[in-house]
Amino acid sequence: MNRRKLLGVSSAFLIVLLGAGRTLAQEVSPLAEELFRYHRGQDVFFMLMLVAFLMLFIKRYQWGIALMTILVLSASFPLYFAVRTMYFGHSGDIVTIILGVVAAITLVIACGMFLGQIKTWHFLVVSVLFVPAYAFNEWFLFTYLKGVADAGGSMLVHAFAAYFGFGVILALRNKEVQEAPMKATVHSVSFVWLASMLLWMLWPSFTSALVAPDKVVSVMLVTYMALMGSTLSTYVLLSAVQKKIDPLIFTYAILAGGVTIGSTIDLVGPWVAFAIGILAGVVSTLCFLYLHPALGKATGVFDVMGVHNLHGIPGILGALLAIPFAGTVQITAAAGTFIIALITGWVTGVIVKALGKPVCNLDDEECFPMTGFRTSA
Amino acid sequence: MNRRKLLGVSSAFLIVLLGAGRTLAQEVSPLAEELFRYHRGQDVFFMLMLVAFLMLFIKRYQWGIALMTILVLSASFPLYFAVRTMYFGHSGDIVTIILGVVAAITLVIACGMFLGQIKTWHFLVVSVLFVPAYAFNEWFLFTYLKGVADAGGSMLVHAFAAYFGFGVILALRNKEVQEAPMKATVHSVSFVWLASMLLWMLWPSFTSALVAPDKVVSVMLVTYMALMGSTLSTYVLLSAVQKKIDPLIFTYAILAGGVTIGSTIDLVGPWVAFAIGILAGVVSTLCFLYLHPALGKATGVFDVMGVHNLHGIPGILGALLAIPFAGTVQITAAAGTFIIALITGWVTGVIVKALGKPVCNLDDEECFPMTGFRTSA
Amino acid sequence: MNRRKLLGVSSAFLIVLLGAGRTLAQEVSPLAEELFRYHRGQDVFFMLMLVAFLMLFIKRYQWGIALMTILVLSASFPLYFAVRTMYFGHSGDIVTIILGVVAAITLVIACGMFLGQIKTWHFLVVSVLFVPAYAFNEWFLFTYLKGVADAGGSMLVHAFAAYFGFGVILALRNKEVQEAPMKATVHSVSFVWLASMLLWMLWPSFTSALVAPDKVVSVMLVTYMALMGSTLSTYVLLSAVQKKIDPLIFTYAILAGGVTIGSTIDLVGPWVAFAIGILAGVVSTLCFLYLHPALGKATGVFDVMGVHNLHGIPGILGALLAIPFAGTVQITAAAGTFIIALITGWVTGVIVKALGKPVCNLDDEECFPMTGFRTSA
């Protein structure tokens, strides 16, 4: 063997070595990727719990909302997980876990629309009916359609939640509940502030949960910039229109930037995201101020938590804002999500309505008596 | 040198290189392992703080419980850390930090049993007496005994906490306190919901804190499935027995899945975990409903926070459920934990009792006057 | 080519290989470093939100404080980010994001000092004026001066916040607000306990946000030990002086260990940190008890939230405690920070005062009417 050959072999080794070094600098091992996702996935569980506290402002519903949240999570996650792992042969890896909790958080948001209108155990029925509907829309968006941009879930989560919920209340039409007075207190609203601010802070873990490791930090920046945009525009618009700040609009609409940026989360830079957030805050606030009462009159049903104002319209807006990047498939995707959600929600509502009206409508005093086992010796 | 030899050397290099590549895909560097543990360890600190809020429902104890929690953490952690690093020569690495906060959280849970029955500064005395007792049981479980399965702390944390606390109240027998009325309010109970739901969400960080990196995600899945099981079974059982949901049973018993799965966390799959969780929820709920009053009558002492119902019985159950995997050493381990905890707790109680009765029993109004330095100019 | 040469080359390869192996064990890839920082950075956002809840105890200010917090974050972060990336050419990486949120949290702390004394929209003006002042001090500490020890922000964050805020109230001198009665409630104070305990738990993410990966765990240990020290000494001192525990002193002063350890976070071991924490708790508690009223009398202005007692003096103390490690540059740094903060704060106050007095002083009842869109159908 001569020197040249040896050098050739040596060089090959060196190239492999240096190449490995370069790759290592820009990548993380598959196990590390899993472990980083563990934390972002857990943050999504955190957010799911906080969605309950975002809706905790009506005094007599406080505990009912928390109960509903943990129940539908516990019913929908195993079901979704079973379908994915048993039927489609996925393994129980972190991506499957995250897809499961994303499905569950969508359901929790949707349930905000008909809180108090159905019996508590009916939420278990809703969970069973929701999972295949959601899975069908997931398939429609990412398998049937090609090239849909929705990494942060504007359509998959937010729009689907809002229109599924709308479908349910259209079928229920529980006037009795809708006319019952709802009192908020200083402290119940303080929980809403807490939930809103922590959701705001956690949002990047939601939008980056499934993106590639090298995109996580830029998604974080883009998400925060969008949320800052919607926070500022919500404040300015509410100040201009109302002179004062309604906390039950403000704490919701400031999150609209996170909802709307969902479809373009990995496609835009921080300043475009800031602009999108400003737009989202304006749109969501206008929905709360004007669309909400108009829609209530037009449809005769009442979206208790304003889900449509935060998740519905801003979700659809987010989908459409990705047209410059992904093309008109976004329109098909948004329209399809709207139709699938509305119809499956309506069917769910019809089925649940047939199961009978609730007696106590999640009212804490009626439904949650403290039996006193621990409040007396 | 001939070509064959060179090829041999080359191959050896290649094998090393490829081997390194394969390893890298399935492993993380020791530093990365430390940094991932940093976050799970911090989550355990998070959980320790939340245990206070899980017990915050009795209006007049609210601030007293929070004070006790941060005090016993600050007293027991440095002591445990000193023993481990100075006496046993461990370094101040992340595993030692996690072992320290796990000891502290066990103490906080135990203190829930005799809240209001001892003076505040006595909690510092309890901390000093607790650390060697806990360390002795830790040695018994993992050094004296061989092959004990308890990665998620069913015995080390939950059972030990419950029976140490029980030992203390058996010695104290402070009737006065036990007969004082305890009022809960809507808002104090809302904090309990918050704490319970966040503990639920954080639980995988507790059970996976010390497992190998490649087991973390499966432990996450198993933990969540167990918690979902106990959430569903608690709801169904309470609905069946009480028709309505007592929030002060529900928010506790839904966590029983996390307690009971502790010993088998790295040994079972998600569906077995789901089944274990269902069983744990049923057992814990039955303890709250039937064992609690019976035990109170039989022993004459009152477990204020229901620690025994959530941590005691479900902890022992978890230990025994690992028998198929670890053998009958689990019985020895559970029985030993029970005896060590009860005796050391009882001795602690006797010593504290000798220090004198409390005057104000952690009552917020009496113990925590706002001196007004900031509430008036 | 002879065997020796080949062996030489082989050895070179082996050294490279083994070297890479050793390095891998002690390092993480740049991408992994970014991703670990993602989580610590997000924790700083978490802490920023919690600072609001630490100040939520005055019933009529609850929502106003939350609103202020999210507004000044949304105004100051993009501004700071724009200056850094556009003017100084930094990229939007995780370090820049963390530097941005550290600037924002400093502003939130500062605003605690003049809460209720300026109109809500004036906080946006303050944000715009704050960013260049803060950036100037940042430049002064780490570019103009050489070798300043302040990895955990004793000066950069805490002292700057306190004296900037002090400058503002010196200029405002809004007596009307300072004499208005401030009522705290059991539940508003429970939020303070929650915020204090979660800030305590999250603190290591703040102090370790920008240190090298291999120092993160030791910074965690040092931070927790300092916080445990200040918790114990605050308890002992308050018990000795007041017999009872004022929650609005205790929940603040227990954090002083985290403030004071900031400058020596990467320079001392756990037991020195514990001692520094004990000292910090004593100093902060004494400030609350004695300096606070004296300073109020001497200056005629009133530090509503006690920012000076937790962040001002303990921040300066932290800077000076690093003299044995970094030399007398610490004195220059602390004095410079004091002067820069006080002057820029005073100028800010003068400008804001010229914009007019507030009508409703962040009072929730006046400023945040619930318009009832969702509390009636």
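The values are calculated or read from the model by the stated rules, or taken from the named source; none is laboratory data. As the structure is a prediction and not an experimental result, all values here were calculated from the model. Counting neighbours? That spans all protein chains shown, and the Cβs are built from the backbone with ideal geometry, glycine included.
Residue-by-condition table, conditions (1) more than 9 Å from every other protein chain (Cβ to nearest Cβ); (2) assigned to a helix (DSSP H, G or I); (3) free of Cβ contacts under 8 Å to residues at least 24 places away in the same chain:
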residue: A:39; (1), (2), (3): no, yes, no
residue: A:45; (1), (2), (3): no, yes, no
residue: A:48; (1), (2), (3): no, yes, no
residue: A:52; (1), (2), (3): no, yes, no
residue: A:56; (1), (2), (3): no, no, no
residue: A:63; (1), (2), (3): no, yes, no
residue: A:76; (1), (2), (3): yes, yes, no
residue: A:81; (1), (2), (3): no, yes, yes
residue: A:86; (1), (2), (3): yes, yes, yes
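Quick one: would you say residue C:326 is within 30 Å of residue C:267 (Cα to Cα) and of a type in the set (A, V, I, L, M)?
It is true that residue C:326 is within 30 Å of residue C:267 (Cα to Cα) and of a type in the set (A, V, I, L, M).
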I'd like the residue in the stretch A:199-215 that is within 9 Å of chain C (Cβ to nearest Cβ) and surrounded by fewer than 24 Cβ atoms within 10 Å (Cβ to Cβ) and, out of all such residues, is farthest from residue A:105 (Cα to Cα).
A:214
For the subset of the stretch A:74-109 comprising residues that are surrounded by fewer than 24 Cβ atoms within 10 Å (Cβ to Cβ) and polar (S, T, N, Q), which member is farthest from residue B:244 (Cα to Cα)?
A:91
Under 8 Å between Cβ atoms, which residue pairs at least 6 apart in sequence (or on different chains) link something in the stretch B:274-301 that is in contact (Cβ under 8 Å) with a residue 60 or more places away in the chain with a partner that is in a loop (DSSP other than H, G, I, E, B)?
B:300/B:173; B:301/B:173
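Could you identify the single residue in B:212, B:253 that is hydrophobic (A, V, I, L, M, F, W, C) and free of Cβ contacts under 8 Å to residues at least 40 places away in the same chain? Working first, answer last.
On the way: B:253 fails: free of Cβ contacts under 8 Å to residues at least 40 places away in the same chain.
None of the other options fit; the residue is B:212.
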Can you give me the number of residues within the stretch C:219-233 that are closer than 17 Å to residue B:94 by Cα and of a type outside the set (A, V, I, L, M)?
2
Counting only residues that are more than 10 Å from residue C:255 (Cα to Cα) and either outside any helix (DSSP H, G or I) or among the polar types (S, T, N, Q) (or both), the stretch C:201-232 contains a total of 9
What helices (runs of 4 or more DSSP H) lie completely within the stretch B:237-309 and have 2 or more residues being in contact with a Pro (Cβ under 6 Å, 6 or more places away or on another chain)?
B:256-260, B:270-286
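Taking into account only those residues within the stretch A:110-122 that are surrounded by fewer than 24 Cβ atoms within 10 Å (Cβ to Cβ) and of a type outside the set (Ser, Thr, Tyr), which is nearest to the chain's Cα centre (by Cα)? Talk me through it step by step, then tell me what you get.
Taking the stretch A:110-122 first, the residues surrounded by fewer than 24 Cβ atoms within 10 Å (Cβ to Cβ) are A:115-116, A:119-122.
Checking the rest, the ones that are also of a type outside the set (Ser, Thr, Tyr) come to A:115-116, A:119, A:121-122.
Details: A:115: 17, A:116: 21, A:119: 24, A:121: 23, A:122: 22 Å.
Of everything passing the filter in the stretch A:110-122, A:115 is nearest to the chain's Cα centre (by Cα).
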Given the conditions (1) hydrophobic (A, V, I, L, M, F, W, C); (2) touching a residue at least 40 places away in the same chain (Cβ under 8 Å); (3) part of a helix (DSSP H, G or I), and given that residue C:115 satisfies all but one, which numbered condition is not satisfied?
(3)
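Do we find that residue A:241 is touching a residue at least 24 places away in the same chain (Cβ under 8 Å) and surrounded by 21 or more Cβ atoms within 10 Å (Cβ to Cβ) in this structure? Give the derivation first.
Values: touching a residue at least 24 places away in the same chain (Cβ under 8 Å): yes; surrounded by 21 or more Cβ atoms within 10 Å (Cβ to Cβ): no.
Considered against the rule, which asks whether it is touching a residue at least 24 places away in the same chain (Cβ under 8 Å) and surrounded by 21 or more Cβ atoms within 10 Å (Cβ to Cβ), residue A:241 comes out as no.
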Can you say whether residue B:260 is in contact (Cβ under 8 Å) with a residue 60 or more places away in the chain, surrounded by 24 or more Cβ atoms within 10 Å (Cβ to Cβ), closer than 19 Å to residue B:149 by Cβ and more than 12 Å from chain A (Cβ to nearest Cβ), as far as the supplied structure shows?
yes
Quick one: in the stretch B:100-137, of everything that is within 12 Å of chain C (Cβ to nearest Cβ) and modelled with pLDDT under 90, which residue is nearest to residue B:196 (Cα to Cα)?
B:120
Does residue C:230 satisfy the criteria of being facing another protein chain (nearest Cβ under 10 Å) and either more than 27 Å from residue C:29 (Cα to Cα) or surrounded by fewer than 24 Cβ atoms within 10 Å (Cβ to Cβ) (or both)?
yes
The stretch C:16-37, residues that are facing chain A (nearest Cβ under 7 Å), in a helix (DSSP H, G or I) and modelled with pLDDT of 80 or more
C:30, C:31, C:32, C:34, C:35
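Would you check which residues across the stretch C:88-99 are within 11 Å of chain A (Cβ to nearest Cβ) and part of a helix (DSSP H, G or I) and list them? First the steps, then the outcome.
Let us first name the residues in the stretch C:88-99 that are within 11 Å of chain A (Cβ to nearest Cβ), namely C:91-98.
C:94, C:95, C:96, C:97, C:98, listed by residue number.
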Inspect the stretch A:262-276 for any residue being hydroxyl-bearing (Ser, Thr, Tyr) and within 28 Å of residue A:58 (Cβ to Cβ) and give the result as yes or no.
no
How many residues does the stretch A:310-343 hold that are in a helix (DSSP H, G or I), over 22 Å from residue A:55 (Cβ atoms) and not aliphatic (A, V, I, L, M)?
7
